[in-house]
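Undergrad: Let me begin by handing over the structure; questions about it come next.
The values are calculated or read from the model by the stated rules, or taken from the named source; none is laboratory data. Note that the structure is predicted; figures quoted are calculated from it, not measured. Every residue, glycine among them, receives a Cβ derived from its backbone with ideal geometry; neighbour counts consider all protein chains shown. Surface accessibility is based on the protein's heavy atoms, side chains included, excluding ligands, DNA and RNA. Shrake-Rupley method; radii C 1.70, N 1.55, O 1.52, S 1.80 Å.
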Amino acid sequence: MARGQSAGEAHDWVTRAADDAIRHAQQRYGDDLGDHVITCASGASPSGPVHLGNLREFLTVHFVAEEIKRRGIPARHLHSWDDYDRFRKVPAGVDPSWSEHIGRPLSGVPDPWGCHESWAEHYKEPLVASLRELGVEMVEVSQTELYRAGTYREQILTAVRRRDEIEQVMARYRTKHLEGAAAAAPESEEEAAALADSVANDDESGLTGLGATDDLARFPFKPYCRDCGRDTTIITAYDETTTDLSYTCTACSYDGVTNLTTDNEGKLVWKVDWPMRWEFEGVDFEPGGVDHASPGSSYTVGKELVKLYGGRAPSFVGYSFVGAGGQVKMSSSRGGVPTAADALQILEAPVLRWLYVRRAPKQAFNVDFGAEVVRLYDEWDALGKKAGNPQKRDAQVLAFERASSTTSAGVLPTPAVVVPFKLLSSVADVTAGSAELISRIVGDVGHVHASVDELEPRLGKAMTWMSDFVPVEDRTTVRETPDAARLAALSEDEELWLRQLLDRLPDQLELESTTSLIYGVPKLARGLGLDDAPTDEVKQDQKAFFRLLYHLLVDAERGPRLPTLFLALGADRVRLLLTPPA
Ligand SMILES: [Zn+2]
């Protein structure tokens, strides 16, 4: 087998993306790659809560880097925080006075909630915590730090020196881009930003009265005002020999000069910044929202511009939207969109990873916080069983393996004893009780385990799902006191059923006998034995009997399985609620 080829017979999108990334590196470093480390890059602007759609950027890169490492080839996941991007607008829920920070870098805007150093840090930290739980390891770089340290000085000077060539490429795509933008709203933040930049530049080109010529208005570098820190600067002159860049700030009227060889006070415009970093970091693979690959988008333009730096665009995968379904309660500081942290409250890390790895990036999907969660866990548990059989290796099993372990962390936390999420959540629902109580009942219904710990992390997530995500009207409420009116108005059949049930109900309930008793009572009433097969009449009676039990126990048409409900309530409580008044 040639180096870099996939070992297994099963293939998926990750296999193909890893093949492409490796091929990209081989084109430069030769087939055996030497000791070259393949770079898979992600980027994100910490301008707001990093929602489940943004999470796809991180996880797409993570899975590809992991696949490369599994093949024995050194790889790294490099993540760039675009925290030197400008603060664009004040979101709802934030003091409107924050508008004075518009135009400042995200790393230079204070945290409105006062818990972090800056706006950027406020949104980075919770995501980094979630990524750690998800087993994602990455090398993080801050664009603020790199720009401020002058790391990109040569690259900036190159862009400025060759700005006419850049402008020719930009101009060729600008028309297409604006047409495209009119046809479809930008999907990603970068795309929206690029569009805003190009529109802003078009505005500025009209400001010749302030001394901006076309050449300077389309300058590839944007200084932050030395006086007020905003990027509301208009370039008024550039001296090729001294590299002095003169500007006027429209926000504070400051007239400044920044020297591109000695000062570090601004950044390249996004469409130049991105390809510059491909070359600087040696990026072999980088995904982006599907809109990035459209004509005139930043990837298409970047593919041309990266040549200025002697590089090639990385292999690229465009990914679609990820939404959320079900009811999600969130604090306003998170801006009303569900984040990875929200999903991890109810989904085991491997299950959340699985949602992202099992579908090709081009497929959009929702992370559902509602009733779908139960089905998702059932599917996952079934797949886990299938994966245990070495005869059954296919793309689904491959996705299971990618989701459940990483090269450095091994198998991610999963319960030692796997109990269906449906059972855990319905016992949590009925008892509204402690983990210890739920653990005891789950043991009684046949899932033997030594301690609560063996049910974690799933038990805690099931409890949280029931209390915080399932709407109150869908939860089970056990009656506090018997329904005296209904019990006084029982039909002859109903009275008989309840009497036969209570006569045989032991003090200590046990799953098998309780199940047989609940199903058997209508048989006894028709002269059959508990273990006899039900007749059609008995089946009708069973339906009516179960409806009566649900009504008397939880005041609803249906609820958790009756044997589970009985065991959760205990014999005393059941007896109390089912006994007619004397
Ligand atoms: Zn200013």
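Undergrad: Looking at this structure, is LEU576 touching a Lys or Arg at 6+ places or on another chain (Cβ under 6 Å), closer than 28 Å to ASP429 by Cα and either open to solvent by less than 80 Å² (accessible area, probe 1.4 Å) or not basic (Lys, Arg) (or both)?
TA: no
Undergrad: Could you please find all residues in the stretch 406-422 being touching a residue at least 40 places away in the same chain (Cβ under 8 Å) and farther than 15 Å from LEU347 by Cα?
TA: THR406, THR407, SER408, ALA409, listed by residue number.
Undergrad: Considering every residue within the stretch 453-476, establish whether at least one is among the polar types (S, T, N, Q), farther than 17 Å from VAL373 by Cβ and open to solvent by 30 Å² or more (accessible area, probe 1.4 Å).
TA: No, the stretch 453-476 contains no residue that is among the polar types (S, T, N, Q), farther than 17 Å from VAL373 by Cβ and open to solvent by 30 Å² or more (accessible area, probe 1.4 Å).
Undergrad: How do the helices (runs of 4 or more DSSP H) wholly within the stretch 523-582 filter down when requiring 2 or more residues that are more than 46 Å from the chain's Cα centre (by Cα): which remain?
TA: Those helices (runs of 4 or more DSSP H) span 536-554, 571-578.
Undergrad: Right, next: As an exercise: evaluate LEU437 against (1) under 30 Å from ALA360 (Cβ atoms); (2) surrounded by fewer than 17 Cβ atoms within 10 Å (Cβ to Cβ); (3) of a type outside the set (D, E, K, R) and give the number of the one condition it does not meet.
TA: The failed condition is (1).
Undergrad: Could you list, in sequence order, all residues of the stretch 135-145 that are in contact (Cβ under 8 Å) with a residue 60 or more places away in the chain and not small (Gly, Ala, Ser)?
TA: If the condition is that a residue be in contact (Cβ under 8 Å) with a residue 60 or more places away in the chain and not small (Gly, Ala, Ser), then VAL136, GLU137, MET138, VAL139, GLU140, VAL141, GLN143, THR144 are the ones that fit.
Undergrad: With the checklist (1) in contact with a Leu (Cβ under 9 Å, 6 or more places away or on another chain); (2) open to solvent by 60 Å² or more (accessible area, probe 1.4 Å); (3) of a type outside the set (Ser, Thr, Tyr) in hand, flag the one item PRO415 doesn't pass.
TA: Among (1) in contact with a Leu (Cβ under 9 Å, 6 or more places away or on another chain); (2) open to solvent by 60 Å² or more (accessible area, probe 1.4 Å); (3) of a type outside the set (Ser, Thr, Tyr), PRO415 violates only (2).
Undergrad: Determine which single condition PHE421 fails, assuming it passes every other condition in (1) modelled with pLDDT under 90; (2) buried (at least 17 other Cβ atoms within 10 Å of the Cβ).
TA: Every condition holds for PHE421 apart from (1).
Undergrad: Let me ask another. Taking the stretch 340-363, which residues are in a loop (DSSP other than H, G, I, E, B) and open to solvent by 60 Å² or more (accessible area, probe 1.4 Å)?
TA: Answer for the stretch 340-363, where residues must be in a loop (DSSP other than H, G, I, E, B) and open to solvent by 60 Å² or more (accessible area, probe 1.4 Å): ARG358, LYS362, GLN363.
Undergrad: Would you point out the residue of the stretch 241-265, among those that are touching a Lys or Arg at 6+ places or on another chain (Cβ under 8 Å) and either open to solvent by less than 20 Å² (accessible area, probe 1.4 Å) or more than 12 Å from the ligand (Cβ to nearest atom) (or both), that is farthest from ILE102 (Cα to Cα)?
TA: Ranking the qualifying residues of the stretch 241-265, first place goes to THR261.
Undergrad: Which of (1) at pLDDT 95 or above; (2) open to solvent by less than 10 Å² (accessible area, probe 1.4 Å); (3) over 30 Å from ALA387 (Cβ atoms) does GLU279 not meet, given it meets every other one?
TA: Unmet condition: (2).
Undergrad: Find all pairs meeting these conditions: Cβ atoms under 7 angstrom apart; at least six residues apart or on different chains; first residue within the stretch 19-34 and more than 17 Å from PHE63 (Cα to Cα); second residue basic (Lys, Arg) and outside any helix (DSSP H, G or I).
TA: ASP32/ARG3
Undergrad: Examine the stretch 403-411 for a residue that is open to solvent by 70 Å² or more (accessible area, probe 1.4 Å) and more than 19 Å from GLU133 (Cβ to Cβ), and state whether such a residue exists.
TA: No, the stretch 403-411 has no match at all.
Undergrad: If you check ASP19 against the conditions, is it farther than 25 Å from TYR147 by Cα and open to solvent by less than 50 Å² (accessible area, probe 1.4 Å)?
TA: Judged against the criteria, ASP19 is a match.
Undergrad: Sticking with this structure for a sec: Which residues, counting only those in the stretch 66-102, are aliphatic (A, V, I, L, M) and touching a Phe, Trp or Tyr at 6+ places or on another chain (Cβ under 8 Å)?
TA: VAL90, ILE102, listed by residue number.
Undergrad: Which residue is farthest from ALA382 (Cα to Cα), if the candidates are limited to the stretch 398-415 and must be outside any helix (DSSP H, G or I) and under 19 Å from the mean Cα position of the chain (by Cα)?
TA: By that ranking, first place goes to THR406.
Undergrad: Considering every residue within the stretch 548-571, establish whether at least one is open to solvent by less than 90 Å² (accessible area, probe 1.4 Å), within 20 Å of ASP444 (Cβ to Cβ) and free of Cβ contacts under 8 Å to residues at least 40 places away in the same chain.
TA: Yes, some residue in the stretch 548-571 is open to solvent by less than 90 Å² (accessible area, probe 1.4 Å), within 20 Å of ASP444 (Cβ to Cβ) and free of Cβ contacts under 8 Å to residues at least 40 places away in the same chain.
Undergrad: Also, I was wondering about something else. Among HIS24, HIS101, HIS77, HIS62, which is in contact with a Cys (Cβ under 6 Å, 6 or more places away or on another chain) and at pLDDT 95 or above?
TA: HIS77
Undergrad: Separate question: Among the residues of the stretch 40-89, what is the count of those that are in a helix (DSSP H, G or I), open to solvent by less than 10 Å² (accessible area, probe 1.4 Å) and under 30 Å from GLU265 (Cα atoms)?
TA: 1
Undergrad: Just give me the residues in the stretch 22-39 being outside any helix (DSSP H, G or I) and among the polar types (S, T, N, Q), in sequence order.
TA: THR39
Undergrad: Are any residues in the stretch 138-157 crowded, with 18+ Cβ neighbours inside 10 Å and of a type in the set (S, T, N, Q), and if so, which ones?
TA: Passing the criteria: SER142, GLN143, THR144, GLN155.
Undergrad: Where the second residue is aliphatic (A, V, I, L, M) and away from the ligand (no atom under 16 Å from the Cβ) and the first is at positive phi and modelled with pLDDT under 95 and lies in the stretch 238-260, which pairs have Cβ atoms under 9 Å and are six or more apart or on separate chains?
TA: Close Cβ pairs satisfying both conditions: none exist.
Undergrad: Out of all the residues in the stretch 168-181, is one or more modelled with pLDDT of 95 or more, assigned to a helix (DSSP H, G or I) and buried (at least 21 other Cβ atoms within 10 Å of the Cβ)?
TA: Scanning the stretch 168-181 turns up no residue that is modelled with pLDDT of 95 or more, assigned to a helix (DSSP H, G or I) and buried (at least 21 other Cβ atoms within 10 Å of the Cβ).
Undergrad: Kindly list the number of the only condition in (1) at pLDDT below 55; (2) away from the ligand (no atom under 16 Å from the Cβ) that fails for LEU210.
TA: Checking LEU210 against (1) at pLDDT below 55; (2) away from the ligand (no atom under 16 Å from the Cβ), the one that fails is (2).
Undergrad: Test of understanding: among ARG230, ARG226, which residue is part of a loop (DSSP other than H, G, I, E, B), within 16 Å of the ligand (Cβ to nearest atom), modelled with pLDDT of 95 or more and open to solvent by 60 Å² or more (accessible area, probe 1.4 Å)?
TA: After ruling out the rest, the residue left standing is ARG226.
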